[in-house]
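Asks: One structure follows; several queries about it will come next.
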Amino acid sequence: MTTLQFIASLVKSLVWPLAIVWIAYKFKTPITNLLDRIKRITVPGVGAEIDVSEKIEDINEKLDKEIEEKKETYGASFNSLETPIGIEPQDSYRRVAQGNPNAAIPMAWVEVEQAILSVSKELGLPMEGKDPIYTLKQLAKEYSSIKSTVAQARHLKALCDEANLGNLKISFYMAMEYYEACSKIVRILMTLEMVEKFGKLKNR
């Protein structure tokens with residue numbers, strides 16, 4: 001190989017890497033803005049612009065606080081319930097979250113919807129065909145102890161809608177945190193049903 005051929009080969013091998021570096025530099029700001037827009041969005045029902053990961057963590061913290069308050073109030077009645085959809089996500093959910101985190105979000109949310117439908121029916125407030133959040137609000141009118149639960153459920157539903165529309169870039173970690181939040185809401189609702197049957201929650 002002559003020197004000229006070597007130089008030509010070297011230049012040819014460097015063309016694409018250099019092109020990629022140039023594109024990354026040239027469009028650094030638009031790409032950064034796009035990634036930031038995916039990470040930080042304005043979600044209907046939430047209001048202000050949010051960091052999605054931080055929002056899910058905030059929801060979990062508020063639900064943890066709510067659960068602790070209910071443990072103190074209802075004692076054994078609450079502590080006897082394990083999380084209905086599992087403290088640890090099912091293998092099927094974990095697999096989906098690993099392969100397509102966005103697709104895992106509605107899988108977790110549907111558990112909340114099913115719990116809302118089941119509990120409202122058991123408590124004499126059948127709302128088949130109604131919006132789940134509307135149904136939850138009606139339950140909260142009868143059982144004020146879940147008013148704060150409604151707010152967190154609204155946030156989770158808004159995030160689910162945005163994920164379905166492809167407006168969010170959900171990571172595996174975020175999908176797992178979302179599942180955890182949904183499981184806590186299901187636990188709170190199932191506890192409401194169980195304790196109310198003993199006449200301890202209504203109008204409290």
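Asks: Among the residues of region 165-173, is there at least one that is at pLDDT 85 or above, part of a helix (DSSP H, G or I) and not small (Gly, Ala, Ser)?
Replies: Checked against the condition, which is being at pLDDT 85 or above, part of a helix (DSSP H, G or I) and not small (Gly, Ala, Ser), region 165-173 yields at least one hit.
Asks: Related question: Within region 168-186, can you find the residues that are touching a helix residue (DSSP H, G or I) at 6+ places or on another chain (Cβ under 7 Å) and farther than 18 Å from residue 51 by Cβ? Outline the logic, then answer.
Replies: Within region 168-186, the subset touching a helix residue (DSSP H, G or I) at 6+ places or on another chain (Cβ under 7 Å) is 168-172, 174-182, 184-186.
Answer for region 168-186, where residues must be touching a helix residue (DSSP H, G or I) at 6+ places or on another chain (Cβ under 7 Å) and farther than 18 Å from residue 51 by Cβ: 179, 182, 184, 185, 186.
Asks: Within region 30-50, can one find any residue that is of a type in the set (Ser, Thr, Tyr), at negative phi and modelled with pLDDT of 60 or more?
Replies: no
Asks: Checking the conditions here, which among 194, 190 is touching a Pro at 6+ places or on another chain (Cβ under 8 Å), at pLDDT below 90 and surrounded by fewer than 21 Cβ atoms within 10 Å (Cβ to Cβ)?
Replies: 190 is the lone residue from the list that is touching a Pro at 6+ places or on another chain (Cβ under 8 Å), at pLDDT below 90 and surrounded by fewer than 21 Cβ atoms within 10 Å (Cβ to Cβ).
Asks: OK, next. Quick check, is residue 79 at pLDDT below 90, surrounded by fewer than 15 Cβ atoms within 10 Å (Cβ to Cβ), closer than 17 Å to residue 64 by Cβ and not hydrophobic (A, V, I, L, M, F, W, C)?
Replies: yes
Asks: If you check residue 192 against the conditions, is it more than 23 Å from residue 51 (Cα to Cα), part of a helix (DSSP H, G or I) and aliphatic (A, V, I, L, M)?
Replies: yes
Asks: Something else about it: Can you find a residue in region 114-131 that is in contact with a Gly (Cβ under 9 Å, 6 or more places away or on another chain) and surrounded by fewer than 22 Cβ atoms within 10 Å (Cβ to Cβ)?
Replies: No; the residues of region 114-131 include none that is in contact with a Gly (Cβ under 9 Å, 6 or more places away or on another chain) and surrounded by fewer than 22 Cβ atoms within 10 Å (Cβ to Cβ).
Asks: List the residue pairs whose Cβ atoms are under 8 Å apart, where the first residue sits in region 53-72 and is more than 18 Å from residue 162 (Cα to Cα), the second is surrounded by fewer than 17 Cβ atoms within 10 Å (Cβ to Cβ) and among the hydroxyl-bearing types (Ser, Thr, Tyr), and the two are 6 or more positions apart or on different chains.
Replies: 62/148; 66/148
Asks: Moving on. Go through region 107-147 and give me each residue that's under 22 Å from the mean Cα position of the chain (by Cα) and of a type in the set (D, E, K, R).
Replies: 111, 113, 130, 131, 137, 147, listed by residue number.
Asks: May I ask you to list the residues in region 149-167 that are within 16 Å of residue 54 (Cβ to Cβ) and touching a strand residue (DSSP E or B) at 6+ places or on another chain (Cβ under 8 Å)?
Replies: Correct list: 162 only.
Asks: Looking only at residues that are touching a residue at least 40 places away in the same chain (Cβ under 8 Å) and part of a helix (DSSP H, G or I) in region 115-135, which one is farthest from residue 58 (Cα to Cα)?
Replies: Among them, the one singled out is 122.
The values are calculated or read from the model by the stated rules, or taken from the named source; none is laboratory data. Just so it is clear, the model here is predicted, and its values are computed rather than measured. No Cβ is skipped: glycine too gets one built from the backbone with ideal geometry, and neighbour counts run over all protein chains shown.
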